[in-house]
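Right, one structure below, let's go through it.
The values are calculated or read from the model by the stated rules, or taken from the named source; none is laboratory data. These numbers were taken from a predicted model, which means no experiment stands behind them. Ideal geometry is used to build each Cβ from the backbone, glycine not excepted, and the neighbour counts take in all protein chains shown. Just so you know, the surface numbers come from the protein's heavy atoms only, side chains and all, with ligands and any DNA or RNA stripped out. Shrake-Rupley method; radii C 1.70, N 1.55, O 1.52, S 1.80 Å.
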Amino acid sequence: MSLTFHWFLPTNGDSRHVVGGGHGTPATAAGRDRPPTVAYLSQIARAAEDLGFVGALTPTGAWCEDAWLTTAMVSQQSERLKFLVAFRPGFVSPTLAAQMASTFQRQTGGRLLLNVVTGGESHEQRAYGDFLDKDARYRRTGEFLQIVRELWEGKTVDLAGEHLQVEDARLARVPDPVPEVYFGGSSPVAGEVAARYVDVYLTWGEPPAQVAEKIAWIRGLAAKQGRTLRFGIRLHVITRDTSEQAWAEAHRLLDGFDPETVKSVQAGLARSESEGQQRMLALHGGGRDGLEIHPNLWAGIGLVRGGAGTALVGSHEEVAERIAEYHRLGIDEFVLSGYPHLEEAYWFGEGVLPRLAAQGLWQHPFAKPAAPAAQVPFAS
């Protein structure tokens, strides 16, 4: 099976420096270097699909542009790239969300993937009118996905749940194909939701041993439900022709971190209720030393950015080796990003993907089959 790679649309802005934000922290000033216009995001989308990325993740939250609206516009400027749209179940009714997804599929030719984000920060959720606590939000997500999945199957749904209630809900037109559901979470209740309802479980870029533990945990929960999931990982990448060049770029980014910004971001992230975010913080401890936490796995991004805070750093060969290492654990999908996103897509797409193809681990999803050789008639 060919590995699947997705890229990232920086709807919080882009830069040659790290753009922070997420998990209740605002986007940093670097995001103004390249504003997230439809024109610029479309450049990234077209580059990604040409290079062989299957989809592109768009984040959700107060720190970035709305994912649904942005991807709907960018989809009209691209041809094949799918959009891994992050959305929060508590903000939209399940029937409306199922209808929106169905419409998106028809209008884009089936290019929607859904990244369900339950929301790990109560103070940010309250700004949107959501006052449930964290565990209750996950239980609501389970009810939400139950309703949406049944609607996508063409069923008429009646549900009086703990948090959601629908009566005689149905779709006039079901999506074709049904969008795949991506989801991440490190708490026990998150694992239960993943096991029951999602297609792809996503983890942030922790060292391989920790990733292996997560995969075993979710596999066990899914097996109890009679289900089998795929697994993906969310990472940044800094890949160059040589290891020295890649680490020089990582150090350049680190040198651009203003100490006061690091202090402010870390203070904000320390309040996070997300177990995944706390695991990210533990990888670097808020300091600048010892940031290579596994060969070619660098935790520096997490000093100024919430959520995914680690990067694969190294030569194209080294980064390909680390990807193969994660794949041996059971990771089949990689959701990647890099600063700036346009240029870094080319570094990875032209440097790493051909090496993975040579190992038989990847093939271009949009490559046209070679034309058969022309038949030359024999002379009579």
>> Between Tyr182, Tyr346, Tyr128, where does the largest GNM mean-square fluctuation fall for the chain, given springs only between Cα atoms within less than 10 Å?
In response: Tyr128
> Going by accessible area, probe 1.4 Å, with all protein chains left in place, what is the ranking of Leu283, Leu41, largest first?
Replying inline: Leu283, Leu41
> Separation between the Leu69 and Glu317 pseudo-spin-labels, each 7 Å from Cα along Cα→Cβ, expressed in nm?
Replying inline: 4.9 nm
>> Could you work out how much longer the chain between Leu329 and Ala172 gets when fully extended? Use 0.36 nm per residue separation minus the Cα distance between them, nm to one decimal.
In response: 52.4 nm
> Can you list the HN-Hα couplings for region 145-151, worked out from phi with the Karplus curve (6.51, -1.76, 1.60; θ = phi - 60°), rounded to whole Hz and with x for Gly and Pro?
Replying inline: 5, 4, 5, 4, 5, 5, 5
> With every protein chain left in place, what is the accessible area of Lys155 in Å² (1.4 Å probe, nearest 10)?
Replying inline: 90 Å²
>> Please report the accessible area of Ser2 (heavy atoms, 1.4 Å probe, ligands and nucleic acids excluded) in Å², nearest 10.
In response: 40 Å²
>> Springs between alpha-carbon pairs under 10 angstrom, Gaussian network model over the chain: which of Leu69, Leu151, Leu113 fluctuates most?
In response: Leu69
> So how exposed is Ser264, as accessible area in Å² (1.4 Å probe, rounded to 10)?
Replying inline: 80 Å²
> Can you give the net charge of the other residues whose Cβ lies under 11 Å from the Cβ of His294, counting K and R as +1 and D and E as -1?
Replying inline: -2
> What full-extension length gain, to one decimal in nm, is calculated for Phe131 and Arg271 as 0.36 nm per residue of separation minus the Cα-Cα distance?
Replying inline: 48.7 nm
> Going by accessible area, probe 1.4 Å, with all protein chains left in place, what is the ranking of Trp204, Trp298, largest first?
Replying inline: Trp204, Trp298
> How many nm is it between the label spots at Gln278 and Gln363, if each spot is 7 Å from the Cα in line with the beta carbon?
Replying inline: 4.5 nm
>> Please list, in order, the residues from region 264-302 whose amide nitrogen is less than 17 Å from a point placed 7 Å along the Cα→Cβ vector of Glu162.
In response: none
>> Give me, ordered by chain and number, the residues 5 or more places off Thr203 or on other chains with an amide H under 5 Å from its own placed amide H.
In response: Gly232, Ile233, Arg234
> Ranked by accessible surface with a 1.4 Å probe, highest first, in what order do Arg252, Arg111 come?
Replying inline: Arg252, Arg111
>> For Rg/Rh (Cα atoms, Kirkwood Rh), pick the label among [x] 1.10; [y] 0.98; [z] 0.95 that corresponds to the value derived from the coordinates.
In response: [y]
> Using the Kirkwood radius built from alpha carbon pairs, what does the Stokes-Einstein equation give as D for region 202-244 at 20 °C and 1.002 mPa s, in µm² per second?
Replying inline: 175 µm²/s
